[in-house]
Amino acid sequence: MKNLLKELCSVNSISGDEKTVREVITGKIKDFCEYTVDPLGNLICFRKGRKISDKKLMICAHMDEVGFIVTGINPDGTLSFDTVGGVDSVVTIGRQVTVGKNNLNGVVGSTAVHNLSKEKREKSPDIRSMYIDIGAENKQDAEKYVTLGDCIYFVSDFTESGNHIKAKAIDDRAGCAIMIRLIQEQPEYDTYFVFNTQEEIGLRGSRVSAFTVQPDFAIVIEATTASDIDGVSGNKKVCSLGGGGVVSFMDRSTVYDRELYNLAFDTARMNNIPCQTKTMIAGGNDAGAIHITGKGIRTIAVSVPCRYLHSASCVINPEDFENSYILVKKLAERIQEL
């Protein structure tokens, strides 16, 4: 799956602009399943399994990545911008970005340190005080290449270092890669697979797709924050690279189905799959919208632990990636036995 992940992470598709990554995914799965694209851009797939079940299962991941959007063109030709999704200003300054359909190269700049007051130096910079320099001479020059609303993406090569992978958009192209593999291999039971849009700006695509599919059970595949670095202890680590897939009991948008939570760990034990829990109630994912859709959907999330989430340099352990896939595959089979 490593090469597949590399291909998916290289695609630029922020929330609301998922067409490019959706086309790549469609090319991977079109010969294996039935699929439709709904008005919000969700890719809804049905994969015939080896067996039929009276329980409808939906497995999903989101296609969109965090990024930025052009909000203004300044007199000097630099661009004002805002975030699309939760991007910390600290990981933004000085980053190389690409802007718009012309793939212009740009650099995120901010007021020079020597021009900041002592008070401002001690605070995190405001994203709205930054700008993007595309090398334009003035506003008129920049307007030849950029329009308001153009999308902006981190530039980041997919690299391997030791037993780690670094790339942008691992949240949640890792989940998309796992689902593509599951579709291509054919599941044990009939399964719906949904590649959702606009998760990063409020779980919007999943709210629609869950209503369309109306499953009995849902497995959300995600990437979640790992803070397993020096100086962080206890539950504040959240999870650790090398510990296997992460199964949550609760986050800021969902209290997960207790029976499915226990089933996930029981499945991991039975199959000798490394697995860990998320030790801090934080964040959220598409489960927040899915579990309260319609009459209610029994939902569980399996996440790949990831350092430096929502940055240009997301870092994962490929063994966690593989073990998350195995856990989802086995869990999908056992859910049908409930």
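The values are calculated or read from the model by the stated rules, or taken from the named source; none is laboratory data. This one's a predicted model, so the numbers in the text were calculated from it and none came from an experiment. Heads up, the Cβs are rebuilt from the backbone with ideal geometry, glycines too, and the neighbour counts pull from every protein chain shown. Keep in mind that these areas ignore ligands, DNA and RNA; they rest on the heavy atoms of the full protein, side chains included. Shrake-Rupley method; radii C 1.70, N 1.55, O 1.52, S 1.80 Å.
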Exercise. Of these, 152, 127, 170, 165, which one is within 16 Å of residue 82 (Cα to Cα) and at pLDDT 95 or above?
Worked result: 152
Problem set entry | Matching residues in the stretch 262-278 - criterion: being open to solvent by 30 Å² or more (accessible area, probe 1.4 Å), closer than 17 Å to residue 324 by Cβ and out of contact with any Gly (no Cβ under 6 Å at 6 or more places or on another chain) | 265, 266, 269, 270, 271, 272, 277
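Each row is one residue, and each column tells you yes or no for (1) part of a loop (DSSP other than H, G, I, E, B); (2) farther than 13 Å from residue 172 by Cα; (3) at pLDDT 95 or above.
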{"residue": "5", "(1), (2), (3)": "no, no, yes"}
{"residue": "8", "(1), (2), (3)": "no, no, yes"}
{"residue": "12", "(1), (2), (3)": "yes, no, yes"}
{"residue": "21", "(1), (2), (3)": "no, no, yes"}
{"residue": "26", "(1), (2), (3)": "no, yes, yes"}
{"residue": "36", "(1), (2), (3)": "no, yes, yes"}
{"residue": "41", "(1), (2), (3)": "yes, yes, yes"}
{"residue": "45", "(1), (2), (3)": "no, yes, yes"}
{"residue": "49", "(1), (2), (3)": "yes, yes, yes"}
Exercise. Restricting the search to the stretch 266-283, which residues are modelled with pLDDT of 95 or more, out of contact with any strand residue (DSSP E or B) (no Cβ under 8 Å at 6 or more places or on another chain) and assigned to a loop (DSSP other than H, G, I, E, B)?
Worked result: 271, 272
For this session: Go through the stretch 168-202 and give me each residue that's of a type in the set (Asp, Glu), part of a helix (DSSP H, G or I) and crowded, with 24+ Cβ neighbours inside 10 Å.
Result: 171, 172
Exercise. Can you spot a residue in the stretch 301-315 that is over 30 Å from residue 92 (Cα atoms), among the polar types (S, T, N, Q) and crowded, with 18+ Cβ neighbours inside 10 Å?
Worked result: no
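This table checks each residue for (1) assigned to a loop (DSSP other than H, G, I, E, B); (2) buried (at least 21 other Cβ atoms within 10 Å of the Cβ); (3) under 17 Å from the mean Cα position of the chain (by Cα); (4) not acidic (Asp, Glu).
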residue: 210; (1), (2), (3), (4): no, yes, no, yes
residue: 221; (1), (2), (3), (4): no, yes, yes, yes
residue: 232; (1), (2), (3), (4): yes, no, no, yes
residue: 243; (1), (2), (3), (4): yes, no, no, yes
residue: 246; (1), (2), (3), (4): no, yes, yes, yes
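Yes/no matrix, rows are residues, columns are (1) out of contact with any Ser or Thr (no Cβ under 6 Å at 6 or more places or on another chain); (2) assigned to a strand (DSSP E or B); (3) modelled with pLDDT under 95; (4) closer than 24 Å to residue 64 by Cα:
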position	(1), (2), (3), (4)
239	yes, no, yes, yes
261	yes, no, no, no
299	yes, yes, no, yes
303	no, yes, no, yes
319	yes, no, no, yes
329	yes, no, no, yes
Exercise. Taking the stretch 283-300 only, how many residues are open to solvent by 30 Å² or more (accessible area, probe 1.4 Å) and closer than 26 Å to residue 237 by Cα?
Worked result: 2
Exercise. Is the stretch 58-66 home to any residue that is over 30 Å from residue 140 (Cα atoms) and in a loop (DSSP other than H, G, I, E, B)?
Worked result: yes
Exercise. Where residues in the stretch 143-167 are in contact (Cβ under 8 Å) with a residue 60 or more places away in the chain, under 25 Å from residue 224 (Cβ atoms) and assigned to a loop (DSSP other than H, G, I, E, B), which of them is farthest from the chain's Cα centre (by Cα)?
Worked result: 163
For this session: Just give me the residues in the stretch 147-156 being surrounded by 12 or more Cβ atoms within 10 Å (Cβ to Cβ) and closer than 22 Å to residue 312 by Cα, in sequence order.
Result: 150, 151, 152, 153, 154, 155, 156
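Among the residues of the stretch 7-56 satisfying the criterion of being of a type in the set (S, T, N, Q) and touching a Gly at 6+ places or on another chain (Cβ under 7 Å), which is surrounded by the most Cβ atoms within 10 Å (Cβ to Cβ)?
Here the answer is 42.
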